[in-house]
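Inspection log for the structure reproduced underneath, given as structure tokens.
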Amino acid sequence: MNTPLLEIENLKVEIGNKRILHGVNLTIEEGTVHVIFGPNGSGKTTLVGAIMGLPQYRVTDGDIKFKGKSITSLPVHKRAKLGIGLAFQRPPAVKGVSLFYLLKAIKGSENDILAVADSMNLKDHLHRDINKGFSGGEIKRSEILQMRLMNPALLMLDEPESGVDFENILLISEIIKEILEKEISITKRKKSGLVITHTGFIIQHIQADVGHVILDGKILCSGNPQEILGRIKKYGFEKCAECL
Amino acid sequence: MKLSKSDIQKLQRVGYDSTGDIPRAGTFLTKDHEILSSERKDAGLEILPLKVALEKYSWVENLAFGLVPDEKDNYTKQIASHPPVGYFIRAFPGAKITQPVQSCFFIKTDRFSQMIHNIIVVEPNSELHIITGCTTAAYIKQGSHIGVTEFYIGENAKLSYTMIHDWAPQVQVFPRSAALLEASGTFISNYIALTAAELVQAYPMATVKKNGIARFNSIIYAPQGSHFDIGAGAKLVEPEAKAEIISRAVSSGGQIIARGYLEGSAANTRGHMECNGLLLRDEGSIHAVPELKGNFSQTDLSHEAAVGKIADEEIHYLMTRGLDEDTATSLIVRGFLDVRLKGLPPQLQKDIDVMIEKASLKSTM
């Protein structure tokens, strides 16, 4: 059996005074990719935000372990240093800070930055302010570019396909597969992924190992992601929850 | 009294090069009221102590207090009643002087009241760049610097003037400046203050004639205990005259008033100003005072002003990339202060970048 990379036990999370997650349990083993399906407002983004440690997501109960150690009280940057990466669905624009300057802070090597940016058609964006005036596709490519350089042990992707045209989905999928070491055999693979999606479109391009459905802040079922997606497409999320 | 190694280091922080390694078109250096250096390297210009220039050219007398009236306030009256100390710098007609002239006003005696009068004449079709650094010896606790600077920019001439202040926390500073731009003249004025001063009060005003362009950029970082009352203004008095005022102010506990004034009085005049302020602590304040006055139907004047703190969302976003909170904050402050100053020699831009880097690192201390 594979070693667990991320273990979440009975996680309860609030935004302001409103409880969003009502006791989530989830274990992600090394080398596996999990996908979480759920409608808008079900708690998907809250879950990845809480794993990342973003302060607006307040953990009121439960525990998050990463590589066997509790990270629930660690600040965001320490979680990132441990190997947790999050590609945002809608990242903020940061005025005055160029993408290149951030990438330099992530990984000093200028040659690596230029090579990866070139492969993602972002060379011309390097000296622009992060996300300022970027199109939907450019934002996603920029997020994945940052992940490629951070090379996290756990790659979390929040709605990676939203607002992206087909061509860009293919491009970012290739880089995501690289980060997740999809080219090496499953027994040797160490990288893990947690993909958030409400359309499921992305898993046609990134093979996921385990699927989960989240509704009203609770994971209601887990299983083969393709089967789950099929049921959701056929019956919708509500019906899917009922039959499970 | 010679300058010590520590004095030289202070001068270097405001753009003064004593090694000769960085190309300069000329040098003017004043310690208290003693002129230590007044030399030109470029034959296209003339650098003289103002006192000498007044003796040499009778017409210079007409320029003195021609733009800044000697009766303007108590400070200008003090300058007018004091023997002239300061420079006269002139670019000859058609001279393109690409290397900057460096000048420095240095206070070496504690409690000294330095009084300076400068006149700059940029003759038609010439180009001149000046860096003026003002600073004190490291041990200075108190003092004052009062300065009148008058800029005469001829037809189709260009002047960039970059003033860098690095004062001691209990020094008071009162520069009084004004510029006259003849037809198609260009004036770029950059003001950079990234360290504490008890009070700095400056409000240069440009009068812009036909097709002239005045640009004012100011970058201010105010630590606790400092007061900056800084502004710039332009009167667009003939057709096609343009002006732009950009200020970036960061308060880390200091008080900042960022003023701006644009007045359009002729056809097709255009002016725009941006006053952006960033508050890093609750103790500080930034008061943006943008003013527009249109005296003619075909003038186009506008302003944007914004004062606020760094958005938590931006800091947290950078932290998800592994940067700690202080590094994320300083990265954003650096970006905020990093106004690309147009028309500067590359070396000077590099010096300014280094200063901004240092100030942004201090923002989290």
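Listing for the model above:
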{"read-out": "Subset of region B:1-30 that is touching a helix residue (DSSP H, G or I) at 6+ places or on another chain (Cβ under 6 Å) and not β-branched (Val, Ile, Thr) - its residue that is nearest to B:ALA43 (Cα to Cα)", "value": "B:SER18"}
{"read-out": "Filter result (assigned to a helix (DSSP H, G or I) and either within 8 Å of chain B (Cβ to nearest Cβ) or touching a Leu at 6+ places or on another chain (Cβ under 9 Å) (or both)) within region A:87-105", "value": "A:LEU99, A:PHE100, A:TYR101, A:LEU102, A:LEU103, A:ALA105"}
{"read-out": "Every residue from region A:186-209 that is touching a helix residue (DSSP H, G or I) at 6+ places or on another chain (Cβ under 9 Å), in a loop (DSSP other than H, G, I, E, B) and touching a residue at least 60 places away in the same chain (Cβ under 8 Å)", "value": "A:LYS191, A:HIS198, A:GLY200, A:ILE206, A:GLN207, A:ALA208, A:ASP209"}
{"read-out": "Single condition A:GLU181 does not satisfy, out of (1) assigned to a helix (DSSP H, G or I); (2) surrounded by fewer than 19 Cβ atoms within 10 Å (Cβ to Cβ)", "value": "(1)"}
{"read-out": "Qualifying residue in region B:89-99 (condition: over 19 Å from the mean Cα position of the chain (by Cα) and crowded, with 21+ Cβ neighbours inside 10 Å)", "value": "yes"}
{"read-out": "Identity of the residue in region A:106-118, over 21 Å from the mean Cα position of the chain (by Cα) and in a helix (DSSP H, G or I), that ends up nearest to the other protein chains (Cβ to nearest Cβ)", "value": "A:ILE113"}
{"read-out": "Of all residues in region A:135-144 being of a type outside the set (Gly, Ala, Ser) and over 16 Å from B:GLU314 (Cα atoms), the one that is surrounded by the fewest Cβ atoms within 10 Å (Cβ to Cβ)", "value": "A:GLU138"}
{"read-out": "Per-region count, region B:158-188, residues over 14 Å from B:ALA241 (Cα atoms), of a type in the set (Gly, Ala, Ser) and over 17 Å from the mean Cα position of the chain (by Cα)", "value": "1"}
{"read-out": "Hits in region B:59-116 - residues which are of a type in the set (D, E, K, R) and out of contact with any strand residue (DSSP E or B) (no Cβ under 8 Å at 6 or more places or on another chain)", "value": "B:GLU61, B:ASP70, B:GLU71, B:LYS77"}
{"read-out": "Residues satisfying the stated conditions in region B:220-246, i.e. buried (at least 24 other Cβ atoms within 10 Å of the Cβ) and over 20 Å from the mean Cα position of the chain (by Cα)", "value": "B:LEU236, B:ALA241"}
{"read-out": "In region A:145-170, residue nearest to the other protein chains (Cβ to nearest Cβ) [restricted to those that are in a helix (DSSP H, G or I), buried (at least 17 other Cβ atoms within 10 Å of the Cβ) and among the hydrophobic types (A, V, I, L, M, F, W, C)]", "value": "A:MET150"}
{"read-out": "Leading residue by the ranking (surrounded by the fewest Cβ atoms within 10 Å (Cβ to Cβ)) among those in region A:210-244 that are assigned to a loop (DSSP other than H, G, I, E, B) and at pLDDT 90 or above", "value": "A:ASN224"}
{"read-out": "Subset tally (residues that are surrounded by fewer than 24 Cβ atoms within 10 Å (Cβ to Cβ), closer than 25 Å to B:ALA80 by Cα and touching a helix residue (DSSP H, G or I) at 6+ places or on another chain (Cβ under 7 Å)) for region B:134-165", "value": "3"}
{"read-out": "Residue match in region A:124-134 (condition: under 26 Å from A:GLU30 (Cα atoms), touching a Pro at 6+ places or on another chain (Cβ under 9 Å) and either surrounded by 19 or more Cβ atoms within 10 Å (Cβ to Cβ) or at the interface with chain B (Cβ under 10 Å from one of its Cβ atoms) (or both))", "value": "no"}
{"read-out": "Extreme residue, farthest from A:GLY53 (Cα to Cα), among residues of region B:274-327 that are within 14 Å of chain A (Cβ to nearest Cβ) and hydroxyl-bearing (Ser, Thr, Tyr)", "value": "B:THR327"}
{"read-out": "Residue identified as among the hydroxyl-bearing types (Ser, Thr, Tyr) and in contact with a Gly (Cβ under 7 Å, 6 or more places away or on another chain) among B:THR269, B:THR299", "value": "B:THR299"}
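The values are calculated or read from the model by the stated rules, or taken from the named source; none is laboratory data. None of the values given here were measured: they were computed from a predicted structure. Cβ coordinates were reconstructed from backbone atoms using ideal geometry, including for glycine residues, and neighbour counts include every protein chain displayed.
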